[in-house]
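A.B. asks: The following block contains the structure, expressed as structure tokens.
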Amino acid sequence: MRYTINKLIDEVIDRANPNLTRIERRQFVLDNTKYLGNLITPKKVSDRLRFRDNQLQNAQNVQAAQAAQAARAVHAQTIQTVQTYSAVCTLLFTKYEKFLDDDNAD
């Protein structure tokens, strides 16, 4: 398997506590890769963290959009159900009124 600097940085980031701030994760990566010398610089780590954070944010945005779309579909179905029930109730009420009118005519 061929390693790139970004892949190596990603693997170290994956080992960091996700609750750490970006600055703390950056320091974690730098501390755990210092034996590689100048191959991994603070700028490379910061850029990679920013890239991964943006990927995560994009994924969350997609999930939120999908959830909103699903909620709109449920809302539309609910409106349709209420309209159907309303139409049925109106029909039943009309038939009941007609029944009463027919009964009173006798």
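The values are calculated or read from the model by the stated rules, or taken from the named source; none is laboratory data. Small disclaimer: the values here were computed from a predicted structure and weren't measured. Note that each Cβ is placed from the backbone with ideal geometry, even for glycine, and that neighbours are counted across all protein chains shown.
A.B. asks: So for segment 84-96 (the condition being polar (S, T, N, Q), modelled with pLDDT of 90 or more and within 30 Å of Ile9 (Cβ to Cβ)), does at least one residue qualify?
C.D. replies: no
A.B. asks: Let me ask another. Sort out which residues of segment 1-16 are touching a Ser or Thr at 6+ places or on another chain (Cβ under 8 Å) and without any contact (Cβ under 8 Å) to a residue 24 or more places away in the chain, and write them in order of number.
C.D. replies: Listed by number, the list holds a single entry, Val12.
A.B. asks: Follow-up question, since we're still on this one. Give the residues of segment 48-106 that are part of a helix (DSSP H, G or I), acidic (Asp, Glu) and exposed (fewer than 10 other Cβ atoms within 10 Å of the Cβ), sorted by residue number.
C.D. replies: Selection gives Asp101, Asp102, Asp103.
A.B. asks: Another question, if that's okay. Six or more apart or on different chains, Cβ under 8 Å: which pairs go from a residue in segment 52-73 that's within 21 Å of Ile23 (Cβ to Cβ) to one that's of a type in the set (Lys, Arg)? Could you list them?
C.D. replies: Correct list of pairs: Asp53/Arg22.
A.B. asks: So Ala16 clears everything in (1) small (Gly, Ala, Ser); (2) modelled with pLDDT of 95 or more; (3) touching a helix residue (DSSP H, G or I) at 6+ places or on another chain (Cβ under 8 Å) except one condition, right? Which one?
C.D. replies: With respect to (1) small (Gly, Ala, Ser); (2) modelled with pLDDT of 95 or more; (3) touching a helix residue (DSSP H, G or I) at 6+ places or on another chain (Cβ under 8 Å), Ala16 is out only on (2).
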